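Read the structure below first, then the notes.
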Amino acid sequence: MKLAARNAHMMGDAGNGWAILFRAREMIAAGEAVTMLTIGEPDVKTDPAILDAMDASARGGNTGYTDIAGQHALRAEIADRVSARTGLQTRPENVVVTPGGQAALFAAHMALLDAGDSGLYVAPYYPTYPGTIRSGGARAVAVPARPECGFQPEAAALDAAARTSGAKTLLINSPNNPTGVIYTRETLEGVAEVCQRCDLWLISDEVYETQVWEGAHISPRTLPGMAERTLVIGSLSKSHAMTGARIGWIVGPETAVEAVHQLAINTTYGVPGFVQDAALYALRQGAAMEARNAAPYRRRRDIAARVLAGSQAVRLIHPAGSMYVMADIRATGLTGDAFAARLLAEEKIGVMPGESFGAAAAGHLRIALTQEDGLLEAALARLRAFAEARMP
Ligand code: PLP
């Protein structure tokens, strides 16, 4: 019996990244002391007060089917938060709740792209992006952002890719995983111009919006002419250390929100009510709880900058946000894949090779800031020494 061809299309292009991760996990299972700086799993656990809200909701009886687009109170809370933070009036009808940011990314592309259409995404990229775009039969087209331009996407490259491919959508991510870069106003204005000139929908993945260390997070939905063509992806995974709760959302025009609602009727049938109540509690704690969750990553970003300062072998891409830093190790003569494999084998430190985020990040490493400060500092010092010993 044959399976659908789509299964193969959903595979990402992560290359050796998964191999490193799985090997590191095997080593840990075998009792080896590996310092894991691989995936974006917060080392801090969900705040017990959020769990209490979840427990109270479930025990209070919110265990049945829920409103499939999301409970009204949560949609209203998300809409108010977006209105307050962006200055753009947003209503509950502009919000649909999803089981995490990943489901939101999938739903957005399903709502906007037909089979055979093309969707653009910027590289380096979060590894699910190409598979997500291809899931519904669309073509995924990478547009590289170059290290020489600080990994800021260039309007001319986006424009050329949109015209050549006839794309209908563009997916961007700022603060960015894997680079830790925040897109400037100029970059986002360039993105907005291309979207309008080439009639693209913009899907703006803003799941790291609370992890901004320099400058400001600008949601491109707020730029002139963009609200009617932008879907913003949000999530509580990183902002509130709720990766396992699976809760996120899309904010966009009502027609697109309604399309995602229809998709949810046919797929997830909504998000558990007690998880939504926990999310409502979390969001109502406001910026203070978010700042508490973000603080360790900012501190560790500073540790990474200090430990790697002045190294010719490991050059940090200036990290302005997110829970990662990216380092250029091309001077060692090793590929990111080879460096990461040897670092794991010889130093028992797990990092992700840049190649697992696309060729645009070849010769780089992504280091997740997800270990406590002392352990991180020691691992980075060893990583630096390892790289410097490999300099030709
Ligand atoms: N987008 C980006 C850029 C991510 O890094 C992640 C997770 O690491 C997600 C989306 C998905 O997050 P979640 O589905 O946990 O909300």
Around W201, which amide H atoms from residues at least 5 apart in sequence, or from another chain, sit under 5 Å from its own amide H, with H modelled in the peptide plane?
-> T169, L170
For segment 180-260: rounded, prolate or oblate by the Cα gyration tensor [a/c cutoff 1.5] = oblate
Alpha-carbon radius of gyration plus Dmax, which is the widest Cα pair, for segment 258-392 in Å = 19.4, 58
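Could you work out how much longer the chain between A385 and T184 gets when fully extended? Use 0.36 nm per residue separation minus the Cα distance between them, nm to one decimal.
69.0 nm
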Given a cut-off of under 8 Å on Cα pairs at least six residues apart, what relative contact order in percent is computed for the chain?
-> 25
Relative to the longest principal axis of the C-alpha atoms of the chain, give the angle of the C-alpha long axis of helix 254-266, reported between 0 and 90° and rounded to the nearest 10°.
-> 80
Collect residues whose amide H, placed 1.01 Å from N in the peptide plane, falls under 5 Å from the amide H of W249; neighbours closer than 5 in sequence don't count.
-> T98, G234, S235
Can you list the residues, at least 5 places off or on another chain, whose amide H is less than 5 Å from the amide H of A123, using H built in the peptide plane?
-> V143, A145
For segment 141-283, rounded, prolate or oblate, judged on the Cα gyration tensor with a ≥ b ≥ c (square roots of eigenvalues), a/c < 1.5 rounded, else prolate if a/b > b/c?
-> oblate
Two-decimal ratio, the chain, of alpha-carbon radius of gyration to 2.2 N^0.38 Å | 0.97
What spacing in nm lies between the two simple spin-label points modelled at A345 and H72, each 7 Å away from Cα in the Cβ direction?
-> 6.2
If Lys and Arg each add +1 and Asp and Glu each add -1, what is the summed charge of the other residues whose beta carbon sits under 14 Å from the beta carbon of I317?
-> +2
FRET efficiency, 1/(1 + (r/R0)^6) with R0 35 Å, evaluated for T255 and A288 via beta carbons | 0.45
Using the per-residue mean of other Cβ atoms lying within 10 Å as a proxy for protection, in what order, highest first, do the peptides 196-205, 351-360 fall?
-> 351-360, 196-205
Extension length gain for T268 and D52 (0.36 nm per residue less Cα distance), in nm, is 75.3 nm
Can you give the net charge of the other residues whose Cβ lies under 15 Å from the Cβ of K348, counting K and R as +1 and D and E as -1?
-> 0
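We did not get these values from a lab; they are worked out from the coordinates using the rules stated. Nothing here was measured: the structure is a model prediction, and the numbers come from that model. Because the Cβ atoms are built from the backbone with ideal geometry, glycine has one as well, and the counts that use them run over all protein chains shown.
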